[in-house]
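Chemist: One structure, pasted below without further comment.
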Amino acid sequence: MTQSKTESPKQERDRIVIFDTTMRDGEQSPGASMTLEEKLEIAKLLEELGVDVIEAGFAIASKGDFEAIAEISKVIRDSVVCSLARSGAADVDRAAEALKGAARKRIHTFIATSPLHMKHKLQMTPETVHQAVHDSVTRARNYCDDVEWSAEDGTRTEHDFLCRTVETAIKAGAGTINIPDTVGYTMPDEFTALIGMLRNRVPNIDKAVLSVHCHNDLGLAVANSLAAVRAGARQIECTINGLGERAGNAAMEEIVMGIGTRSDLLPYRTGVKTETIMRASLLVSAVTGFVVQPNKAIVGANAFAHEAGIHQDGMLKHSGTYEIMTPESVGLTKSTLVMGKHSGRHAFKTKLRDLGYELGDNALFDAFTRFKDLADKKKDIYDEDIIALVDDSMTRRNERIKVTALKVSCGTGVRPKAELELEIDGARSTTTAEGDGPVDAVFNGIGQLFPHRAHLQLFQIHAVTEGTDAQGEVTVRLEEDGRTVNGQGADTDTMVASAYAYVNALNKLLVKREKTAPAALSA
Ligand code: KIV
Ligand code: ZN
């Protein structure tokens with residue numbers, strides 16, 4: 001991060017504070033749930049990316065959220081770690097408790113201020129909401145100096161009331177005032193005017209950083225956020241890949257590259273190291289199973305691809321003809337051929353270090369063994385192959401259920417059959433299962449060896465690189481009693497990758513079950 005620990009972002013007029021809510025608002029997307037380990041991995045990468053504030057969860061919402069905030073608080077040292085809290089005392093207390101270990105912490109408390117939300121959702125009068133703003137911010141300030149207050153549904157709030165609540169929140173000690181466009185309703189010009197109105201009418205507005213939090217229901221989250229910055233907002237709340245409730249939040253990569261690329265119109269800077277954007281996008285996509293659409297700005301597979309002959313011709317003559325940013329600036333390096341079956345352990349370790357992995361001896365041994373297996377099956381091994389392989393090995397270390405053998409037979413005129421061996425808590429067992437297709441047969445086999453109640457919600461496969469010998473990366477989403485998990489698996493054999501992914505998801509469900517009630521391993 002470029003910002004030092006003592007330097008407050010609000011001291012610099014052109015510095016935009018980047019507040020990441022991938023693990024809070026992002027995780028609220030149906031199916032985007034993350035395990036504690038995954039959240040820790042994302043938090044560390046967000047810190048490396050240079051994010052100023054990491055909203056790690058909503059402490060009172062669940063035991064899992066509380067634990068994630070507490071664990072993230074222990075390891076993150078540069079970025080501010082934040083927990084969301086409604087306005088009630090119990091919410092604020094729980095947020096403070098979760099953040100206890102943080103080097104730099106923030107409590108983010110909110111209440112809805114629009115007539116619609118106050119009347120129908122909260123069933124509170126404006127007066128009681130106003131009092132709650134005062135009480136929640138005051139209570140949060142007793143726990144920490146850095147308090148943010150949000151006016152939920154701010155863009156549909158009456159201006160007089162919005163000004164009054166913002167003034168009260170600042171008086172009570174909020175250092176950041178956030179104006180969410182909760183339902184993605186506003187338009188850039190209107191939002192510019194709203195931010196300008198607050199700056200003109202709220203007498204103590206200079207004592208706080210103005211922040212915005214835009215949803216993408218009309219596809220305007222990034223445009224609205226940038227419009228707000230031009231009107232004086234200095235914090236943007238956003239998520240990696242635009243993950244978030246319904247149509248999502250403003251995408252961080254688009255905000256940051258928009259500011260960096262159009263510095264003529266947007267003379268501001270962020271602390272984000274843009275070269276890490278691609279890694280963050282890939283990690284969030286792998287963890288959630290939310291595939292990034294190929295034509296997505298900045299991080300989509302086609303964002304820097306030039307297909308049309310006239311474009312390719314222009315690119316060869318001058319890359320500026322069709323490229324407004326370089327692929328390298330977002331961390332997209334040309335896919336490099338890394339090594340083959342003759343590459344040694346030392347070269348492999350060096351390659352891992354270049355890709356950002358520091359593995360311990362055992363993990364390195366496992367990864368190197370798998371690399372050698374892969375090199376036997378696949379002639380050319382690329383960076384993407386190594387990343388998929390190492391992520392897959394790390395995912396499956398210490399799992400209680402392991403796939404130890406799999407043979408699948410299928411084809412025209414035969415019923416697909418899977419012969420499967422699993423190791424469950426050290427004990428191996430085998431079965432043969434049939435299914436409507438080879439994947440179905442594999443999953444039926446897993447169900448026979450480890451009966452469970454989980455339902456398959458998503459099965460997704462994509463190729464890590466080009467070519468028919470590419471590794472297949474499979475995501476499986478399982479749901480059990482309202483808990484959702486995503487499992488991943490990678491292998492050149494898509495049936496093996498499918499089995500790995502399903503078993504990985506089952507292992508995650510087991511971890512979740514153990515956290516609620518430690519019990520013997522059974523379905
Ligand atoms: O969209 C919203 O209003 C929110 C608030 C809790 C900040 O997510
Ligand atoms: Zn939101």
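Chemist: On C-alpha positions alone, give me the angle between the axis of helix 188-201 and the longest principal axis of the chain, in degrees, nearest 10.
Modeler: Value to nearest ten degrees: 40.
Chemist: Take the alpha carbon atoms of region 55-88, find their center, do the same for region 267-295, and report the distance between the two centers in whole angstrom.
Modeler: 21 Å
Chemist: What does the net charge come to around residue 364 if you take all other residues with beta carbon closer than 14 Å to its beta carbon, with K and R at +1 and D and E at -1?
Modeler: Summing Lys and Arg as +1 and Asp and Glu as -1 gives +4.
Chemist: In Å, what is the Rg of the alpha-carbon atoms in region 209-263, and how long is Dmax?
Modeler: Expressed in Å, the Cα Rg and Dmax of region 209-263 come to 10.3, 31.
Chemist: Taking the Cα atoms only, what angle lies between the long axis of helix 36-49 and the longest principal axis of the chain, rounded to 10 degrees?
Modeler: Approximately 60 degrees, to the nearest 10.
Chemist: Given R₀ = 30 Å, what would the calculated FRET efficiency be for residue 134 paired with residue 100, taking r from the Cβ atoms and rounding to 0.05?
Modeler: FRET efficiency, residue 134 to residue 100: 0.75.
Chemist: Follow-up. What is the percent of Cα-Cα separations in region 1-112 that go past 16 Å?
Modeler: Numbers: 3449 of 6216 pairs.
Counting pairs separated by more than 16 Å, the tail of P(r) holds 55 percent.
Chemist: Along the Cα-to-Cβ line of residue 452, 7 Å from the Cα, sits a label point; which residues in region 387-411 have backbone N less than 14 Å from it?
Modeler: So the set is 396, 399-403.
Chemist: If you don't mind, there's one more thing I want to ask. Mean separation of Cα pairs under 8 Å and 6+ residues apart, divided by the residue count of region 401-511: what relative contact order is that in percent?
Modeler: Rounded, it is 19 percent for region 401-511.
Chemist: Across region 62-110, how large is the tail of the calculated P(r) beyond 18 Å, expressed as a percent of all Cα pairs?
Modeler: Above the 18 Å cut-off, region 62-110 has 20 percent of its Cα pairs.
Chemist: For the chain, give the percent of accessible area contributed by carbon and sulfur heavy atoms, probe 1.4 Å, rounded to a whole number.
Modeler: Working: 12070 of 23230 Å².
That fraction is 52 percent.
Chemist: Separate question: What do you get for GluC sites (Glu not before Pro) in region 249-312 restricted to DSSP loop and a cutoff of at most 11 other Cβ within 10 Å of the site's Cβ?
Modeler: Hits after loop and neighbour filter: 307.
Chemist: Then there is this: List residues of region 433-458, by number, whose backbone nitrogen lies under 13 Å from a label position 7 Å along Cα→C-beta of residue 423.
Modeler: Within reach of a label on residue 423, which here means backbone N under 13 Å from a point 7 Å along Cα→Cβ, region 433-458 contributes nothing.
Chemist: What Kirkwood radius, in Å to one decimal, follows from the Cα pairs of region 401-511?
Modeler: Here the Kirkwood hydrodynamic radius works out to 14.1 Å.
Chemist: Could you report region 266-326's accessible area per residue, 1.4 Å probe, as an integer in Å²? Display every interim value, and only then the final one.
Modeler: Values: 3400 Å² over 61 residues.
I get 56 Å² per residue for region 266-326.
Chemist: Under a 1.4 Å probe, what is the accessible area of region 345-395 per residue, stated in Å²? Let's see the in-between values first.
Modeler: Values: 2630 Å² over 51 residues.
Each residue of region 345-395 exposes 52 Å² on average to a 1.4 Å probe.
Chemist: If you count only protein heavy atoms with a 1.4 Å probe, what accessible area per residue comes out for region 401-511, rounded to a whole Å²?
Modeler: Computed with neighbouring chains in place, this is 44 Å² per residue.
Chemist: Let me ask you something else. Placing one identical point scatterer on every Cα of region 420-477 and ignoring solvent, what is log10 I(q)/I(0) from the Debye formula at q = 0.16, 0.20, 0.28 Å⁻¹?
Modeler: Taken in order of the listed q values, log10 I(q)/I(0) reads -0.66, -0.90, -1.12.
Chemist: Residue 392: net charge of surrounding residues, Cβ under 11 Å, Lys/Arg +1, Asp/Glu -1, itself excluded?
Modeler: Net of charged neighbours comes to -2.
Chemist: Give me the extension gain from residue 193 to residue 466: residue separation times 0.36 nm, minus the current Cα-Cα distance, reported in nm with one decimal.
Modeler: Length gained, residue 193 through residue 466: 93.5 nm.
Chemist: Working from the pairwise distances between different alpha carbons, so that the mean of 1/r is found and then inverted, what is region 178-317's Kirkwood radius in Å?
Modeler: Final number for the Kirkwood radius of region 178-317 is 16.3 Å.
Chemist: Oh, and also: Shape call for region 228-289 from the C-alpha gyration tensor, a ≥ b ≥ c root eigenvalues: rounded (a/c under 1.5), prolate (a/b greater than b/c) or oblate? Write out the running numbers ahead of the final one.
Modeler: Details: a/c = 2.87, a/b = 1.56, b/c = 1.84.
Since a/c reaches 1.5 but b/c is at least a/b, the shape of region 228-289 is classed as oblate.
Chemist: Calculate the length of the line joining the C-alpha centroid of region 352-420 to that of region 162-228, in whole Å.
Modeler: With region 352-420 and region 162-228 each reduced to a Cα centre, they are spaced 48 Å.
Chemist: Just to be sure I follow the definition: excluding the sites themselves, where is the longest run in the chain that has none of the trypsin sites (Lys or Arg not before Pro) in a DSSP loop with at most 16 other Cβ atoms within 10 Å? Walk me through the numbers on the way to the answer.
Modeler: Details: sites that count: 5, 13, 77, 100, 246, 262, 273, 334, 341, 379, 397, 400, 453.
It runs 101-245.
Chemist: So for the pair residue 269, residue 324, with labels modelled 7 Å out along Cα→Cβ, what separation do we get in nm?
Modeler: Here the modelled spin labels are 2.2 nm apart.
Chemist: At most 14 other Cβ atoms within 10 Å and a DSSP loop assignment: could you name the GluC sites (Glu not before Pro) in region 110-219 that fit?
Modeler: Numbers: sites: 127, 148, 152, 158, 167, 190; in loops: 158.
Qualifying residues, ordered by number: 158.
Chemist: Now for a separate question. Which net charge results for the neighbourhood of residue 300, defined as the other residues with beta-carbon distances under 12 angstrom from its beta-carbon, given Lys and Arg at +1 and Asp and Glu at -1?
Modeler: Net charge around residue 300: -1.
Chemist: Further question: Based on the Kirkwood radius over alpha-carbon pairs, what value in µm²/s does the Stokes-Einstein equation return for the translational diffusion coefficient of region 9-288 at 10 °C and 1.306 mPa s?
Modeler: For the chosen part, D equals 87 µm²/s.
Chemist: If you don't mind, another one. Run a plain Debye calculation on the chain (Cα atoms as equal point scatterers, no solvent) and give log10 I(q)/I(0) at q = 0.07, 0.12 Å⁻¹, rounded to two decimals, same order as the q list.
Modeler: -0.43, -1.14
Chemist: Just need the relative contact order of the chain here, percent rounded to a whole number, with Cα pairs under 8 Å and 6+ apart.
Modeler: Computed over the chain, the figure is 10 percent.
Chemist: Ratio of Rg to Rh for region 345-395, alpha carbon only, Kirkwood?
Modeler: On the way: Rg = 9.9 Å, Rh = 10.8 Å.
Rounded to two decimals, Rg/Rh equals 0.91.
Chemist: Under a point spin-label approximation (7 Å from Cα along Cα-to-Cβ), what is the residue 430-residue 142 distance to one decimal in nm?
Modeler: A separation of 6.6 nm, rounded to one decimal place.
The values are calculated or read from the model by the stated rules, or taken from the named source; none is laboratory data. Keep in mind it's a predicted model, so treat the numbers as computed, not measured. Cβ sites come from the backbone with ideal geometry, for glycine too, and all protein chains shown count toward neighbours. For the accessible areas, the whole protein counts, side chains as well, though only heavy atoms, and no ligand, DNA or RNA atoms are used. Shrake-Rupley method; radii C 1.70, N 1.55, O 1.52, S 1.80 Å.
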